[in-house]
Amino acid sequence: MTIDDAKRAAARAALDELPESGIIGLGTGSTTRFFIDAVGEAVAQGRRYTGVPTSEASRAQATALGIPLLPDDGPWDIDVCVDGADEVDDRLDLIKGGGGAQTREKIVNYSAVRNVIIVDDSKLSPRLGTKWHVPVEVLPFAHLATRAHLARLGDPILRQKDGAAVKTDAGNYIYDVRCGLIPDPAALDRAMHDIPGVVETGLFVRRADVVLVASAAGVRRLVRP
């Protein structure tokens, strides 16, 4: 099974977590793209789903597939949000934000009754920080000052592409903060939020209800106690 096969399997398994009809949070990322494709197929076959996308990329994909969407303004009564993750620890806490959409993802996640995370088994680790740095969205204004404050918590690296700073859909910057192993993700999340200029972090603590993990052996369903 290739990585794409595993991602597709997790995405297909997520369909079983959906109600017969309702409002669905549409996450962002390579695994979630397969899920949005599957929702598009379900809608084409008559299922009555309405989406809340977490990024402009997910919005464009859902629109092309004919999935009805709610406006960005909210509030929304989201039945289930399905999203990916960059790292999942033994407590089912997450690091997200590899795609730069963690702020919108967290807003939609918070508005959902249930949150389902779909990953391949390469994303699992015993503790957050084993495989991934913490993406932090910051305002462009005084971002170097914000970086200096973040440096008390780790090594912040401005995310760049082709020599230019990567910007989120909201026009902000992202610093990937190298923190090493994270013994207390909730405490680190609070400390980062205490810094003026920080918009949101990629730490999702106690925000996953179900994690679907695809591997060559099949799809495992992990549930938060």
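Laboratory data are not the source of any read-out in this text; all were calculated from the coordinates shown. Everything numeric here is computed off the predicted structure, so don't read it as measured data. Every residue, glycine among them, receives a Cβ derived from its backbone with ideal geometry; neighbour counts consider all protein chains shown.
Values as computed for the structure displayed
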quantity	calculated
Max mean-square fluctuation residue, GNM over the chain, Cα-Cα springs under 10 Å, options D16, D162, D90	D162
Centre separation in Å (Cα based) which lies between segment 169-225 and segment 84-151	3 Å
Efficiency of FRET from Cβ geometry, D4 and E41, R₀ 30 Å, rounded to 0.05	0.95
The chain - charge dipole about Cα centre, Lys and Arg +1 at Cβ, Asp and Glu -1, debye rounded to 20	280 debye
Gaussian network model of the chain, Cα within-10 Å springs - most flexible of A208, A164, A11	A164
Alpha-carbon gyration tensor eigenvalues x 5, square-rooted, for the chain, Å	29, 20, 15
Alpha carbon convex hull of segment 134-202, volume per residue in cubic angstrom	82 Å³
Estimated dipole of segment 134-202 in Debye, rounded to 20 [Cβ of Lys and Arg +1, of Asp and Glu -1, Cα centre]	200 debye
Evaluated at q = 0.20, 0.27, 0.29 Å⁻¹: base-10 log I(q)/I(0), Debye formula over Cα of segment 106-172	-1.10, -1.18, -1.22
Backbone N under 16 Å from the A216 label point (7 Å along Cα→Cβ), restricted to segment 1-35	1-7
Where Cα atoms sit under 20 Å apart: lysine pairs in the chain separated by 8 or more or lying on different chains	11
